[in-house]
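The values are calculated or read from the model by the stated rules, or taken from the named source; none is laboratory data. Since the structure is predicted, the reported quantities are computational estimates derived from the model, not experimental observations. Every residue, glycine among them, receives a Cβ derived from its backbone with ideal geometry; neighbour counts consider all protein chains shown.
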Amino acid sequence: MTPLNTDRAEIVTRKHIARVQQLLHMMVVEILCRSEFHDQSKLNPVELVPLQKMQEINDRQGPAKFGTPEYEERRSVLDEMLEHHYSHNSHHPEHFNNGVNGMSLIDVLEMLVDWKAASERDGNDILRLGAAVDRFEIGPQLAEILHNTAVAFGFKPDVDLMTIREKKSAEFKVGFSEGMRAAEHAHLSRGVGGLDLSMKALMNNGRN
């Protein structure tokens, strides 16, 4: 039996592989650019001066853990600085009007490693993923992808997949219930309004 000639399939496959490599290299270049220019705006006096004040607080009181209430309270010292920082850095959800939903995959990747580096400031190597997911109201699918990526790179996330799934499932049920109640209220309101209009029409007809 004559062997099947696979030349055509191999040519097409190699062409596909080469194209994927080309596209991945394009993304790698963008990631390398992000690594080179990450947070460069913080070296601008507009951001650097408030950061120095924050550093002095941290030196006196010790660092606050990323994602904790204390961390968020201290961030209030940086309100004006953060507004400038977010406007110049797309790896922050605050850069976009619609938060995380406005980000690209490259933005999300830079965001994840930014969280990891921020989590290490207090000398802890645990990624506070749970707090970040809650803060930015990240949905279950992306939350799991972030968790999977963190585990793959040894980032030690502080929550497991089961916890994420259970919490997001509970949030969905609450949101669904609230949505149903709102829809029911709107339906009843329209019904009452319709009845009210009908009564007025009957009364007007009676007067005529």
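Residue-level check: of (1) polar (S, T, N, Q); (2) farther than 20 Å from residue 114 by Cα; (3) surrounded by 10 or more Cβ atoms within 10 Å (Cβ to Cβ), residue 58 misses just (2).
Determine, yes or no, whether residue 39 is exposed (fewer than 11 other Cβ atoms within 10 Å of the Cβ) and either not assigned by TED's automatic domain parsing to the domain that holds residue 125 or not polar (S, T, N, Q) (or both). Considered against the rule, which asks whether it is exposed (fewer than 11 other Cβ atoms within 10 Å of the Cβ) and either not assigned by TED's automatic domain parsing to the domain that holds residue 125 or not polar (S, T, N, Q) (or both), residue 39 comes out as no. Among residues of the range 95-120 being surrounded by 17 or more Cβ atoms within 10 Å (Cβ to Cβ) and of a type in the set (A, V, I, L, M, F, W, C), the one that is farthest from the chain's Cα centre (by Cα) is 113. Report yes if residue 196 is modelled with pLDDT of 90 or more, part of a helix (DSSP H, G or I) and among the acidic types (Asp, Glu), otherwise no. No. Any residue that is closer than 20 Å to residue 51 by Cβ and at pLDDT 90 or above - is there at least one of those in the range 143-152? Checked against the condition, which is being closer than 20 Å to residue 51 by Cβ and at pLDDT 90 or above, the range 143-152 yields no hits at all. In the range 68-86, the residues that are over 19 Å from residue 131 (Cα atoms) reach residues that are polar (S, T, N, Q) with C-beta atoms within less than 9 angstrom, at least six apart or across chains, in these pairs: 84/41; 84/44; 85/41. Within the range 130-152, residues that are over 22 Å from residue 95 (Cα atoms) and buried (at least 18 other Cβ atoms within 10 Å of the Cβ) reach partners that are at pLDDT below 95 and of a type outside the set (Ser, Thr, Tyr) with beta carbons closer than 7 Å, at six or more positions or on different chains, in the pairs 147/129; 147/157; 147/161; 147/164; 150/127; 150/129; 150/157. Candidates in the range 106-146 are the residues that are outside any helix (DSSP H, G or I) and touching a helix residue (DSSP H, G or I) at 6+ places or on another chain (Cβ under 9 Å); of these, the one that is farthest from residue 63 (Cα to Cα) is 139.
Taking the criterion of being farther than 19 Å from residue 113 by Cβ and surrounded by 13 or more Cβ atoms within 10 Å (Cβ to Cβ), the residues of the range 71-81 that qualify are 72, 74, 75, 77, 78, 81.
Those helices (runs of 4 or more DSSP H) of the range 43-92 in which 1 or more residues are at pLDDT 95 or above and either under 29 Å from residue 31 (Cα atoms) or not assigned by TED's automatic domain parsing to the domain that holds residue 136 (or both) occupy 45-61, 79-87. Screening the candidates 84, 25, 92 for the property of being surrounded by 13 or more Cβ atoms within 10 Å (Cβ to Cβ) and either within 23 Å of residue 153 (Cβ to Cβ) or over 21 Å from the mean Cα position of the chain (by Cα) (or both) yields one hit, 92. Among the residues of the range 35-60, those identified as of a type in the set (Lys, Arg) and more than 25 Å from the chain's Cα centre (by Cα) are 53, 60.
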